[in-house]
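What follows is a set of notes on a single structure, which appears directly below.
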Amino acid sequence: MRVTEGGIELEVPGEQTEGIEESVFYNPRQELNRDLTIATLRAYREREPRAKSYLDAMTASGVRGVRAAADGWDVTCCDVDEEAVSLARGNLERNDCEATVRNRDVNALMHEDVFDVIDLDPYGTPMPFADAAFANCRDLVCVTATDTAPLCGAHFNSGVRSYSAVPRNTDYHAEMGVRILLSALARSGARFDVGVEPILTHATSHYVRTYLELEHKPTAADAALEELGYLSHCEDCLYREASPGLIADPLERCPHCDGTRILVAGPVWLGAIRDRTFVADVRERVPESFGTAGKVRELCETLEAELDEPTHYDQHKLCRNWGLPANAMDDFLADLREAGYDASRAHYGGTTFKTDASVGEIRAATADSLE
């Protein structure tokens, strides 16, 4: 079937597409991801003018590679599936775009050739491809992870196996996924003396997406590892506490409610998940012609203002835990700020927020408005 996205016309797998394997698919729910990718590539080209080559590592129908080629990048599309390669070639020709199309294992390709930007968008975990990407990418590694249940701790053993970390299923499960993924990628890069800086990261619609700027020197890798640590989380009162370092020092009792039901997660990324200035640049490069333009701009605006705290709260869950009704989010955040705390909305959902106040301080600051 034919679809139009980002100003290009594509033939994508569908009921009427003959000869296409079921493993080669087009996901319309990922349009926001792809729109944001193109805006990010435009902003990154201004940030690093030398960046010219782009690898669409799992090209499938070729939509991401075609859109990058149409935007002026020197594109290589790669897929191990012959039908995917044929489909990608057809879509490039259909849009008068030039790109190199390779039918081979992308790990082998990444170990052989050097690219300025590598985009990993596999089905499931990206970790089997991370080492090869960091080994031979100059500037920017873009990563999508769709295995959110393992990342967030819902499928615990799978998360441990895939990410060499302990994920926990908490009320901030989406952010747990973000920080488990960033931790695993930072450790992967460090094996090649590559430091990573997340310049844009978000968790949207059952996937996590991050863009990592690279610095190729051991001290940069060391600096990235210094952003790792552990989270202790009280299951009873929702108190949480971060401790930096690669050696866990978990809480034995909750300092707020004195409970002992403490979950420990890590190592997780405790640092910033985006560069505010860069995200603002990305937002300005989202044209009205993009199908998800409004949503992309709104996401960027929220990310620009979001605090760097390593976990977020859900206002409704807190209020249920306290046996109190929730009020308007703007009023709730205003109470926190008036009490002297930093507070912002979080991009993980309409009732999520971040603050430097502890759970006890949050309740004290908002009690009068909630009761």
Item to check | Unmet requirement for E252, which otherwise passes all of (1) loosely packed, with under 15 Cβ neighbours inside 10 Å; (2) modelled with pLDDT of 95 or more; (3) over 23 Å from K317 (Cα atoms) | outcome: (2)
Checklist outcome for this item: Residues of the range 47-68 being touching a helix residue (DSSP H, G or I) at 6+ places or on another chain (Cβ under 7 Å) and either open to solvent by 20 Å² or more (accessible area, probe 1.4 Å) or on the phi > 0 side of the Ramachandran plot (or both), in sequence order, are R47, M58, A60, G62
Checklist entry - Of (1) open to solvent by 40 Å² or more (accessible area, probe 1.4 Å); (2) charged (D, E, K, R); (3) more than 30 Å from A190 (Cα to Cα), D308 satisfies all except one. Which? => result (3)
Checklist outcome for this item: Output for Cβ contacts, cut-off 7 Å, separation at least six or different chains, first residue within 18 Å of R337 (Cα to Cα) and touching a residue at least 12 places away in the same chain (Cβ under 8 Å) in the range 304-326, second of a type in the set (F, W, Y) and assigned to a helix (DSSP H, G or I), reads Q315/F332
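If we only count helices (runs of 4 or more DSSP H) wholly inside the range 271-366, which ones have 2 or more residues that are of a type in the set (S, T, N, Q)? Full working, then the answer.
Numbers: elements: 276-284, 293-305, 315-322, 329-338.
Per the criteria, 315-322.
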Next on the checklist: Please go through the range 77-87 and give me each residue that is touching an Asp or Glu at 6+ places or on another chain (Cβ under 7 Å) and either open to solvent by 20 Å² or more (accessible area, probe 1.4 Å) or modelled with pLDDT under 95 (or both), ordered by number.
Outcome noted: V80, D81, E83, V85, L87
Item to check | Number of the exception - K217 against (1) at pLDDT 95 or above; (2) open to solvent by less than 40 Å² (accessible area, probe 1.4 Å) | outcome: (2)
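The values are calculated or read from the model by the stated rules, or taken from the named source; none is laboratory data. Computed from a prediction, not measured in an experiment: that's the story for all the values here. Positions of Cβ are backbone-derived with ideal geometry, glycine not excepted, and every protein chain shown enters the neighbour counts. Just the protein is used for accessible areas: all its heavy atoms, side chains included, with ligands, DNA and RNA removed. Shrake-Rupley method; radii C 1.70, N 1.55, O 1.52, S 1.80 Å.
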